[in-house]
1. Given the structure, is B:Phe26 at pLDDT 95 or above, open to solvent by less than 10 Å² (accessible area, probe 1.4 Å) and either closer than 19 Å to A:Ile68 by Cβ or outside any helix (DSSP H, G or I) (or both)?
2. Somewhere in segment B:88-98, is a residue of a type outside the set (D, E, K, R), buried (at least 19 other Cβ atoms within 10 Å of the Cβ), in a loop (DSSP other than H, G, I, E, B) and over 10 Å from the mean Cα position of the chain (by Cα)?
3. Among the numbered criteria (1) farther than 30 Å from B:Lys169 by Cα; (2) modelled with pLDDT of 90 or more; (3) open to solvent by less than 60 Å² (accessible area, probe 1.4 Å), which single criterion is violated by A:Val84?
4. Among the candidates B:Ala41, B:Ala62, which residue alone is crowded, with 21+ Cβ neighbours inside 10 Å, under 28 Å from B:Ser139 (Cβ atoms) and more than 12 Å from the chain's Cα centre (by Cα)?
5. Inspect all residues belonging to segment B:156-179 and state whether any of them is part of a helix (DSSP H, G or I), over 19 Å from B:Arg81 (Cα atoms) and touching a residue at least 40 places away in the same chain (Cβ under 8 Å).
6. Restricting to segment B:24-53, count the residues that are polar (S, T, N, Q) and either more than 8 Å from every other protein chain (Cβ to nearest Cβ) or in contact with an Asp or Glu (Cβ under 7 Å, 6 or more places away or on another chain) (or both).
7. Name the single residue, out of those in segment B:176-185 being within 8 Å of another protein chain (Cβ to nearest Cβ) and of a type in the set (A, V, I, L, M), that is farthest from A:Arg11 (Cα to Cα).
8. Here are the criteria: (1) surrounded by fewer than 22 Cβ atoms within 10 Å (Cβ to Cβ); (2) facing chain A (nearest Cβ under 8 Å); (3) part of a helix (DSSP H, G or I). Tell me which single one B:Gln56 does not satisfy.
Amino acid sequence: MNARCTVVRMRLPGVDSVDDLGGRLAAHVETCLRCQAEAARYRNLRRRLGGLSRDETSAPQSLIPSVITRIELEESDVPADRRVGLRRAAVAASAAAGAAVAATAGTIIVVGLRRSHNAA
Amino acid sequence: MTQREVERFEEDQLVSLASQGDQAAFTELVRNHQHEVYTLAVRMVADRELAHDVAQESFVRAWRAIGRFRGDAKFSTWMHRITVNTAFTHRDRRKRTAADPLDVVYREPESESLSPERGGESAAIRGPLGEALSALPESLRSVVVLKDVYEWSHVEIAEHLGITVTAAKVRLHRARKSLRLTLWSHRNEEGA
């Protein structure tokens, strides 16, 4: 093992391919069986780690119910301005209140018109 | 909207409905993504019970924020980011709790919580690679998982972990070197 082997071993964990080592070191790996073996181990490691992306751990059955419970608790506890459900209810309520105000105003106008009509 | 109705919807429709406050649509999203979110949580914290808490909290945070989800990334990508952030919040909380000597006495070691003897682990955490990963310090494990399993860039990792890009690269270097030494030590050179 020479000085280049030492540098290659130091740098291999931080690169994604031998080419990333740079010209001289990459060229050294091409001629050094020990460094090729070491590069192959890191390539194998990266491939195995990448393969983990296809494996999934089954979530516990309690996960979904616990999420639903938390969300329902939040919906009933958090301030109104952060509560989506209540926000929608508030919009509906304000629309209903607006309609009620409009209806009341209409009644007042109609009554006022009738009074003025009767007075005339 | 009933659960049966939302089961037929595509993901973008579910996201759209959920962002308008439809809990059934959001529950369907949770159902579709629970395993990948839980898997990422397990890989980040290396503790199944804590991973359950992280996954649950991640979905609750997603529910709170889904009105701001713009859809320029996939929902799963967005959930991954939330899960990573949540895992780190839990880690910080756990560190603060561990400062209490009583908690230290009764806290289970991480590696023990992942021992195959306790059963039920999947390929995400079992086997020589899974064991080597779970034996890494959390700061190294999170970086190598995000880079080599989930293909995040150094910049993304640095942003989400609150570290510099250089620190992310240094941690990746240390993590890979440690895994290599564990998997191809002189003793198990053949078995790795």
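The values are calculated or read from the model by the stated rules, or taken from the named source; none is laboratory data. What you see is a predicted model; the values in this text were computed from it and never measured. Here Cβ is always computed from backbone atoms with ideal geometry, including for glycine, and neighbour counts include all displayed protein chains. Remember, those area values only see protein heavy atoms, side chains included, never the ligands or the DNA or RNA. Shrake-Rupley method; radii C 1.70, N 1.55, O 1.52, S 1.80 Å.
1. No: the conditions fail for B:Phe26.
2. Taking every residue of segment B:88-98 in turn, none turns out to be of a type outside the set (D, E, K, R), buried (at least 19 other Cβ atoms within 10 Å of the Cβ), in a loop (DSSP other than H, G, I, E, B) and over 10 Å from the mean Cα position of the chain (by Cα).
3. (2)
4. The conditions single out B:Ala62.
5. So far as segment B:156-179 goes, yes, one or more of its residues are part of a helix (DSSP H, G or I), over 19 Å from B:Arg81 (Cα atoms) and touching a residue at least 40 places away in the same chain (Cβ under 8 Å).
6. 2
7. B:Leu183
8. It is condition (1) that B:Gln56 fails.
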